[in-house]
1. Calculate the length of the line joining the C-alpha centroid of region 109-126 to that of region 180-199, in whole Å.
2. How large is ³J(HN,Hα), in whole Hz, for each residue of region 182-192 in order, when computed from phi with the Karplus curve 6.51 cos²θ - 1.76 cosθ + 1.60 and θ = phi - 60°, using x for Gly and Pro?
3. State which helices in the chain qualify, where a helix is a whole DSSP H run, it must extend 20 Å or more along its own axis by its Cα atoms, and its mean Kyte-Doolittle hydropathy must be at least 0.5.
4. Take the cross-link list 71/113; 136/157; 136/240; 213/237 and give me the ones stretching past 19 Å between alpha-carbons.
5. Calculate one ³J(HN,Hα) per residue across region 201-217 by plugging θ = phi - 60° into the Karplus curve 6.51 cos²θ - 1.76 cosθ + 1.60, and present them in order as whole Hz with x for glycine and proline.
6. Rg and Dmax of the chain over Cα atoms: what are they, in angstrom?
7. Treating the beta-carbon of each Lys and Arg as +1 and of each Asp and Glu as -1, no other charges, what is the dipole magnitude of the chain about its Cα centre, to the nearest 20 debye?
8. Would you kindly find the accessible area of residue 205, with a 1.4 Å probe and non-protein molecules such as ligands, DNA and RNA excluded, rounding to the nearest 10 Å²?
Amino acid sequence: MMITGKTKIVGVIGYPIEHSMSPPMHNNAYKQLGMDYVYVAFCVLPEEIENLINSCKTLNIMGLNVTIPHKTSIIPYLDEIDETARKIGAVNTIQFRDGIAKGYNTDGIGAIKSIEKYTTLTDKRVLIVGAGGAAKAIAFTLINEGISSLTIANRSKENAQVLIENIQKQTGFETISYQPIKETDDVIFDVDIIINTTPIGMYPKHGVEPPIKTNNITENHIVMDIIYNPLETELLKQAKLKGATTINGTSMLINQGLVSFEIFTGRNATYESFEEALLEQLKQQ
Ligand SMILES: NC(=O)c1ccc[n+]([C@@H]2O[C@H](COP(=O)([O-])OP(=O)(O)OC[C@H]3O[C@@H](n4cnc5c(N)ncnc54)[C@H](OP(=O)(O)O)[C@@H]3O)[C@@H](O)[C@H]2O)c1
């Protein structure tokens with residue numbers, strides 16, 4: 001598609017940003033839908049973040065995805081924030097409309113849509129491994145979907161407790177507990193869904209032991225790893241051998257992007273248009 005005087009601009013900010021998978025995914029969808037949009041990556045230094053929103057308004061940028069390290073620091077500069085993003089305390093999507101910059105968080109919805117392809121979430125018991133930004137977004141969204149219990153397994157007890165207290169305070173959800181990451185064997189008997197949100201097993205340090213022991217995983221479990229490179233982590237390999245349903249990180253990445261796409265353009269892109277571009281990009285790495 002030719003870039004013209006009417007082309008609308010959408011992008012992603014981060015630092016660093018050059019390895020982002022978002023530009024190929026969004027641009028492939030614009031191409032397939034014949035939309036006059038372009039999606040670009042902007043490398044924004046942390047100390048420049050206060051100028052960013054006004055600069056985007058000046059340039060008439062339609063929307064932005066936000067990634068590390070700006071997801072929280074951008075919040076004070078937004079005009080509005082969606083309820084879920086406010087609770088999570090992080091924004092990964094900004095919509096600019098009529099001079100108003102509104103922040104959203106689509107990470108949690110992206111993960112939930114990936115799991116809902118296989119099961120409903122109501123009354124499910126979930127184990128999240130990790131207590132960082134991704135765990136937080138997923139935890140809040142899962143609770144919204146009506147899960148019955150949540151266990152957070154983490155290396156640092158303190159970080160897990162901060163997350164648990166935050167969730168309890170914001171949602172009133174009480175069936176949430178901490179488990180040391182090395183002591184999850186028994187917990188696995190009592191959960192339906194396991195989600196790894198730690199970077200353990202991610203390229204280039206792939207092929208290492210999974211973050212949790214997989215002995216007690218069965219065909220009744222759904223095991224999701226939000227890592228997308230490699231496509232199949234050691235955790236997913238071992239879970240698959242046990243007969244579990246496995247979900248890799250591409251579906252979360254694609255689904256969060258599809259929700260952002262709709263926020264930016266008001267239109268729906270196909271899952272396949274995002275997936276095709278992502279897999280092509282990953283092949284080149
Ligand atoms: N598929 C997607 O769409 C998607 C979206 C977002 C993120 N991700 C991926 O998710 C991962 C986490 O992202 P994040 O933003 O949540 O990161 P983060 O905020 O830095 O949190 C990282 C978490 O992993 C734990 N961890 C890190 N290294 C560890 C190790 N060697 N051993 C045990 N635990 C360790 C940390 O534990 P402590 O609390 O003990 O430090 C923390 O709980 C990254 O791999 C990222 O690429 C994927």
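The values are calculated or read from the model by the stated rules, or taken from the named source; none is laboratory data. Here the structure is a predicted model, which is why all the values come from computation and not from measurement. Positions of Cβ are generated from backbone atoms using ideal geometry, with glycine treated the same way; all protein chains shown enter the neighbour counts. Just so you know, the surface numbers come from the protein's heavy atoms only, side chains and all, with ligands and any DNA or RNA stripped out. Shrake-Rupley method; radii C 1.70, N 1.55, O 1.52, S 1.80 Å.
1. 16 Å
2. Residue by residue, region 182-192 yields 8, 10, 9, 3, 6, 4, 4, 4, 9, 10, 9 Hz.
3. Sorted by number, the helices that extend far enough and score high enough are 249-265.
4. 71/113; 136/240
5. x, 7, 3, x, 9, 7, x, 7, 4, x, x, 10, 6, 9, 3, 9, 6
6. 19.0, 61
7. Approximately 260 debye in magnitude.
8. Per-residue accessible area (residue 205): approximately 150 Å².
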